[in-house]
1. Using a ≥ b ≥ c from the Cα gyration tensor of the range A:116-166 (square roots of the eigenvalues), is it rounded, prolate or oblate, where a/c under 1.5 gives rounded and otherwise the larger of a/b and b/c decides, a/b for prolate?
2. Shape of the range B:250-299 from its Cα gyration tensor (a ≥ b ≥ c, root eigenvalues): rounded if a/c is under 1.5, otherwise prolate when a/b > b/c, or oblate?
3. I need the Kirkwood Rh of the range A:37-118: take the reciprocal of the average 1/r across all distinct C-alpha pairs and report it in angstrom.
4. Return the FRET efficiency for the residue pair B:M117, B:A57: r is the Cβ-Cβ distance, R0 is 22 Å, and the value is rounded to the nearest 0.05.
5. Order these by the 10 Å Cβ neighbour count, fewest first: A:K154, B:K261.
6. Report the residue, chosen from A:M90, A:M137, A:M20, that carries the largest GNM mean-square fluctuation when chain A is represented by alpha-carbon nodes joined by springs under 10 Å.
7. For the range A:8-58, list log₁₀ I(q)/I(0) at each q in 0.29 Å⁻¹, using the Debye formula over Cα point scatterers of equal strength and ignoring solvent, two decimals each.
8. What angle, in degrees between 0 and 90 and rounded to the nearest 10, separates the Cα long axis of helix A:83-92 from the longest principal axis of the Cα atoms of chain A?
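Throughout, read-outs are computed from the coordinates displayed, never taken from laboratory work. Computed from a predicted structure; not experimentally measured. Neighbour counts run over all protein chains shown; Cβ positions are idealised from the backbone, glycine included.
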Amino acid sequence: MTDFEKYVALYSRDLTRFCMKLCASEHDAEDLFQDTWARALDRIEQYDETRSFKSWLFAICANLFKNSGKSKYNSARHIFATDEEKERFMRSIPDEEKDIDAYIALHTAISELPKKHRVVVILFYFREFSLREISGMLEIPEGTVKSRLNTAKKLLRRRLNDGSND
Amino acid sequence: MDRMTDDKLDMMLSNYCEAEPEKAFVYKPDHRRKPVILSFAAGRRLTAAAGLVLVSALSIALYFLFGNKMNTPIVISPSTQSTVPHNTDGAEAGSDSPSDSPDSTVAETQAKGLIEMIADFLGLSDERTESPTEAPTPPGGTRPASATVPTAPYSPEPTSGIVKPAVPSESSGSETQGYTPPPTAKPTVPVEPPWVEYPTEGEIEPIEPTDSEPWLPPYKPPETEPPTEGEIETPGCTVGVFRAKLDLSLLSGYDGGVYCKIYDSKGRLLGDSNLYSDEHLADVELLSKYADAYYEAEVPELGYYNYVFYTEEGRLLAQGQVYVDR
């Protein structure tokens, strides 16, 4: 097994999780997943081994997502393309959380965030990268990371509170 | 759903992002996007779109089938160069047109009927004796010598191989030689006026306003709840957007945050009094020629607001005034 194949075996699960959170639909998530590995393979010579492969890989994924056109990786008109997809999402929510509708509303609200805010929120709440690392991955100042996180949470709160008023 | 607080949102976002998917994708170097399986809602939209296409196609078909006064169905005949028939006296019609063919007569009469209708519509003389290929004679005058008109109807296969437009000025001889126009083809379209006659007074039926989007529920303005303890929100707030283009040299070597503070027209600070709190953090996008600083804040009312962008060391980056109008 080559090094690249080892990386694929090691990080596919986490990358799947990241792509599923970034994209509203499984189809878009899988597209992003495949494009990320394809890009990583193309640029494997540029990988600096002193750096974490995971953060390099996620940086590729995040930038592919952030810099893509409005409809790329964002084509779903409905949050869940099929009922099976919706059931899979509901099963993924922790058992102790009873309010499934709130998570569906959160999933919808996140999918409506602008891409540059969405990617910061997901990277931050992945709990695996510090603000400084996120700043390096996205090549933006740390202050901008904080600002986008703040704005994203404000937008999410507003959206969820408006939704609860309906 | 209960009102969303910051802590609750934090917790939900953590749970959401940490939730593991049931299965991981498998890297396929030759991946092609699978067709999207449409949900039932998308199916309904497809049905509506298909219905619309069908109705449009039917309308177009009916329009061309039955036509209207100004839209005589046009028959394209193989030979159309000879649009001026030979008169019975043997006088030439005037145009050097290729020989007639039987099929052209039908096309001639139909084209002539169409042109007559257009002439009637435009209010030109009814006593036209010219061929359809020639320019109409102005009242009381001769035709301009240099008038050229396109041949009509269109012929894809001119028998002579050369398309010659009619030369109306040279055909004036046809008039003096007692040229007999061919019988006018009766229009094949209904003679009802294409316009709808207005009903006379007393006959106007009231028009009920139609709801353009009957399927949407009527708009209900959001109910404002009283603010919870520790949380003050002004109902119906407007969001002001404040932007500035910063020279890249201002941020060269600087790694910290960019902040923004807003003052209203009376000099009152909006938001947190701690100017270095996260609330005042601005969004900065480093572009090739400049840095785009962007900040959004809720403002209590429409009007002028002054803004200042600064670094965490208090260094001024940009300032200005914006009128928030919506």
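1. prolate
2. prolate
3. 15.4 Å
4. Efficiency, rounded to the nearest 0.05: 0.20.
5. A:K154, B:K261
6. Largest GNM mean-square fluctuation: A:M90.
7. The computed values of log10 I(q)/I(0) come out as -1.16.
8. 80 degrees
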